[in-house]
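The values are calculated or read from the model by the stated rules, or taken from the named source; none is laboratory data. None of these values were measured; they are calculated from a predicted model. Reconstructed Cβ throughout: ideal geometry from the backbone, glycine too, with neighbour counts over all protein chains shown. Heads up: the accessible areas ignore ligands, DNA and RNA and are worked out on the full protein's heavy atoms, side chains in. Shrake-Rupley method; radii C 1.70, N 1.55, O 1.52, S 1.80 Å.
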Amino acid sequence: QVQLVESGGGLVQAGGSLRLTCAASGRTFSSYAVGWFRQAPGKEREFVAAISRSGGSTYYADSVKGRCTISRDNAKNTVYLQMNSLKPEDTAVYYCAADFSRTVRTTTEAYDYWGQGTQVTVSS
């Protein structure tokens, strides 16, 4: 199994930037595809971005494409989500999740392990 801890959330003004970090335990992190999801109050959890085991393939939701970049450093067992040009509608709890799969998927059901989440609040 793998344990995940998110960090880097906070309060930022519209147009600002944040970098979220997902830190994983163990030496097997490179065996997992990793996704970022978010959940706003009263809303369903939605896909944000995902990255393959090697980092060679990335995927983004249409709502964040062009504003967010997902990356990973397997030597540090860490995945990042760089978010720029933030909007109030980006306000949510952000979760990272790991999927022991050779294919990258965008549904919550596909992921095996989840972090506790980190709050992102974008003010106007």
Exercise. When you go through (1) touching a Phe, Trp or Tyr at 6+ places or on another chain (Cβ under 9 Å); (2) open to solvent by 70 Å² or more (accessible area, probe 1.4 Å); (3) over 19 Å from Thr121 (Cβ atoms) one by one for Val5, which number turns out not to apply?
Worked result: (1)
For this session: Considering every residue within the stretch 61-70, establish whether at least one is basic (Lys, Arg) and under 18 Å from Ala97 (Cα atoms).
Result: no
Exercise. Does the stretch 88-96 contain at least one residue that is touching a residue at least 60 places away in the same chain (Cβ under 8 Å) and either part of a loop (DSSP other than H, G, I, E, B) or open to solvent by less than 10 Å² (accessible area, probe 1.4 Å) (or both)?
Worked result: yes
Seminar exercise, completed: Picking from Gln119, Gln82, the residue that is open to solvent by 70 Å² or more (accessible area, probe 1.4 Å), within 19 Å of Thr21 (Cα to Cα) and part of a strand (DSSP E or B) would be Gln119
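Residue-by-condition table, conditions (1) assigned to a loop (DSSP other than H, G, I, E, B); (2) among the charged types (D, E, K, R):
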| position | (1), (2) |
| --- | --- |
| Arg72 | no, yes |
| Leu86 | yes, no |
| Arg102 | yes, yes |
| Thr106 | yes, no |
Exercise. Name the pairs: first residue in the stretch 1-14 and over 22 Å from Ser30 (Cβ atoms), second residue at pLDDT below 95 and open to solvent by 80 Å² or more (accessible area, probe 1.4 Å), Cβ to Cβ under 7 Å, at least 6 apart or on different chains?
Worked result: Ala14/Ser124
Exercise. In the stretch 39-75, which residue that is in contact (Cβ under 8 Å) with a residue 40 or more places away in the chain and of a type in the set (Lys, Arg) is surrounded by the most Cβ atoms within 10 Å (Cβ to Cβ)?
Worked result: Arg53
Exercise. Taking the stretch 8-38 as the region of interest, how many residues are open to solvent by 60 Å² or more (accessible area, probe 1.4 Å) and in a strand (DSSP E or B)?
Worked result: 3
